[in-house]
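> I'd like to ask some things about the structure below.
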Amino acid sequence: MKIVLSRLAGAGLALWLVASVTFFVVRLAPGDPARSLDPAVPLSHAETVRKLYGLDRPLTAQYAAWLSGLLRGDLGWSFDHRRPVAEVVATALPPTLGLAALALGLQYGGALAAAAWVARRRAPLRRAIDTVALCLYTLPTFWLGLLALRWLGHRSGLFPTHGAASPAALGGLSHLADLLHHAALPALVLALANVGLVYQLSESALRRALAAPYAIAARARGLSENRVVWRHALRNAVAAPVHRLGLDLPLLLSGSLVIEVIFSRPGLGRVAHQAFLARDLPVLAVSATAAGTLVVLGSLLADALHRLVDPRVERV
């Protein structure tokens, strides 16, 4: 129980630091939010806008008011969208989470399956696959996205090139299939951009597991190599990549900003990009805080999954 409470306290402190640093970085950035909404606004009107949104108050007073509202669930008012920030984020967050979940499934499923297949192959093939994985890990997400958009979207027509759904899509299973069709290519790009390191962790851990005494004993009992890999070695090897889940969430969220802009998808990343261009300070601050919250929650989830898949880890 003490461990749980200490981790929750650490998570709360991390969220406060993320929110505070984000607030001050956004507020101290150059530019005038009152003029960025419309550069042709007269100075007198801009001063009225500053008073309306509290931008004329001292920075410490703005921070205290913002943090107090955040604790009460009042996220402020969007300068650009002209509506509460909570509504803006609540609308944008589900598409981003859905895309990240699909990308995580493709990333970890593909990495584990590839590692299980490669671990039993000869060294030259393993080195070739390792090289491909390293290249994928080093390629920029935006470059992969542009290539996928050009060749798998515009040229081949296999996948939609923009949006999250077709306007004419009906409800039910056809609508779900349409959503998955639109999300498949962006999720694949996100997965490929991060699959390299997960594959290397999985393949290395699986090779160590296949050389462990319990795997040797399983072969001595007459079990096939496939059974040794999938039934015995893989469960012990999966702990290493699963523990990285908390680190993959910020990569997926930062990558989603690029992907949502490239594929014109609705989501938190695109909202944050638009807020940055419009100097929409409340939306920027809450978007970064929401991303930090997901990272902290992902870290806690990764720790829980690590304990679930590896019984050697002490349970709380």
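The values are calculated or read from the model by the stated rules, or taken from the named source; none is laboratory data. Just so you know, these numbers come straight off a predicted model, no measurement behind them. So basically every Cβ, Gly included, is an ideal-geometry build from the backbone, and we count neighbours across all protein chains shown.
> Consider L185 carefully, then state whether it is under 20 Å from the mean Cα position of the chain (by Cα), buried (at least 19 other Cβ atoms within 10 Å of the Cβ) and on the phi < 0 side of the Ramachandran plot. Give the derivation first.
Working: under 20 Å from the mean Cα position of the chain (by Cα): yes; buried (at least 19 other Cβ atoms within 10 Å of the Cβ): yes; on the phi < 0 side of the Ramachandran plot: yes.
The answer is yes for L185.
> On the basis of being farther than 27 Å from A128 by Cα and in contact with a helix residue (DSSP H, G or I) (Cβ under 9 Å, 6 or more places away or on another chain), does R231 make the cut?
Numbers: farther than 27 Å from A128 by Cα: no; in contact with a helix residue (DSSP H, G or I) (Cβ under 9 Å, 6 or more places away or on another chain): yes.
When the stated conditions are applied, R231 does not pass them.
> What about S264, is it among the hydroxyl-bearing types (S, T, Y) and out of contact with any His (no Cβ under 9 Å at 6 or more places or on another chain)?
Values: among the hydroxyl-bearing types (S, T, Y): yes; out of contact with any His (no Cβ under 9 Å at 6 or more places or on another chain): no.
Here the answer is no, as S264 does not meet what is asked.
> Among the residues of the range 129-151, is any in contact with an Asp or Glu (Cβ under 8 Å, 6 or more places away or on another chain), among the polar types (S, T, N, Q) and surrounded by 13 or more Cβ atoms within 10 Å (Cβ to Cβ)?
The answer is no, given that none of the residues of the range 129-151 is in contact with an Asp or Glu (Cβ under 8 Å, 6 or more places away or on another chain), among the polar types (S, T, N, Q) and surrounded by 13 or more Cβ atoms within 10 Å (Cβ to Cβ).
> Quick check: is even one residue across the range 234-256 in a loop (DSSP other than H, G, I, E, B) and not assigned by TED's automatic domain parsing to the domain that holds F23? Working first, answer last.
Keep residues of the range 234-256 that are in a loop (DSSP other than H, G, I, E, B), which gives 238, 244.
Going one step further and asking which of them are not assigned by TED's automatic domain parsing to the domain that holds F23, we end up with 238, 244.
Yes: one or more hits.
> Restricting attention to the range 225-251, and to residues there that are within 19 Å of L106 (Cβ to Cβ) and among the β-branched types (V, I, T), which single residue is nearest to the chain's Cα centre (by Cα)?
The residue in question is V242.
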